[in-house]
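Scroll down for the structure; my scribbles are underneath it.
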Amino acid sequence: YVADRWEDPLLTTVQSSAVEMLTLLSELTADSKAASEKYGLQQGSGPYNFIVKGQGVATEVDTSSRAGLARIDLEPADGTPDVALAVGPVIKGTGLRDAMPFINFNQFTNQLEYADVSKKLHERIMSDVIADVDLTTLQGKTVSFSGAFAFKDVEDIVITPVELKVVE
């Protein structure tokens, strides 16, 4: 399922629909309900999910947990991380799956099959996205990214990246 949909429609949806992370943060801070309805996608009664893109400096890469995170200070940099990118090897959550308008629960036989989509997306991210980035030298470098996340609050945004490139 994931292999058949990775390039198109998944990556094409991210490329065509991603909102700038700084714009979204600003609007979520001002009025999270309005920003969620404007930019987000909600599956059932779950959280709003957003497709985003951005660029910033990796201020910290924490791989002490298997659910590793790279904290990103969005440009213009002020020294304080604004968001985190999930860098694994374990990627938590279903934000990427749930942000895709072409994936919904009713397409699957049961909850296990639906959950497997998120698991397979995460495996693909580890092999195709994260594997190309040297996490040991990422801190202090500028990165560009795109991906998705499930919104809880502006202080705890963890983006599942589908594109991650070192700019400098």
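The values are calculated or read from the model by the stated rules, or taken from the named source; none is laboratory data. Because the structure is predicted, anything quoted here is derived from the model rather than measured. When we count neighbours, we look across all protein chains shown, and the Cβ atoms used for this are built from the backbone with ideal geometry, even at glycine. Side chains included, ligands, DNA and RNA excluded: accessible areas come from the protein's heavy atoms. Shrake-Rupley method; radii C 1.70, N 1.55, O 1.52, S 1.80 Å.
If you take the residues in segment 95-111 that are more than 16 Å from residue 52 (Cβ to Cβ) and either touching a strand residue (DSSP E or B) at 6+ places or on another chain (Cβ under 8 Å) or not hydrophobic (A, V, I, L, M, F, W, C) (or both), which one is most open to solvent (accessible area, probe 1.4 Å)?
106
Would you mind finding the one in 54, 44, 68 that is of a type outside the set (Phe, Trp, Tyr) and more than 23 Å from residue 134 (Cβ to Cβ)?
Sole residue among the options that is of a type outside the set (Phe, Trp, Tyr) and more than 23 Å from residue 134 (Cβ to Cβ): 44.
Condition first: among the polar types (S, T, N, Q), within 16 Å of the chain's Cα centre (by Cα) and open to solvent by 80 Å² or more (accessible area, probe 1.4 Å). Now tell me which residues in segment 1-41 satisfy that.
Answer for segment 1-41, where residues must be among the polar types (S, T, N, Q), within 16 Å of the chain's Cα centre (by Cα) and open to solvent by 80 Å² or more (accessible area, probe 1.4 Å): 15, 16.
Sort out which residues of segment 17-52 are charged (D, E, K, R), assigned to a helix (DSSP H, G or I) and without any contact (Cβ under 8 Å) to a residue 12 or more places away in the chain, and write them in order of number. Spell out the reasoning first.
Just the residues of segment 17-52 that are charged (D, E, K, R), to begin with: 20, 27, 31, 33, 37-38.
If we keep only those that are assigned to a helix (DSSP H, G or I) too, we end up with 27, 33, 37-38.
Answer for segment 17-52, where residues must be charged (D, E, K, R), assigned to a helix (DSSP H, G or I) and without any contact (Cβ under 8 Å) to a residue 12 or more places away in the chain: 33, 37, 38.
Can you tell me which residues in segment 49-70 are of a type in the set (Gly, Ala, Ser) and either surrounded by 15 or more Cβ atoms within 10 Å (Cβ to Cβ) or in contact with a Gly (Cβ under 6 Å, 6 or more places away or on another chain) (or both)?
Of all residues in segment 49-70, those of a type in the set (Gly, Ala, Ser) come to 54, 56, 58, 64-65, 67-68, 70.
Once the filter is applied, which keeps residues that are of a type in the set (Gly, Ala, Ser) and either surrounded by 15 or more Cβ atoms within 10 Å (Cβ to Cβ) or in contact with a Gly (Cβ under 6 Å, 6 or more places away or on another chain) (or both), segment 49-70 yields 54, 56, 58, 67, 68, 70.
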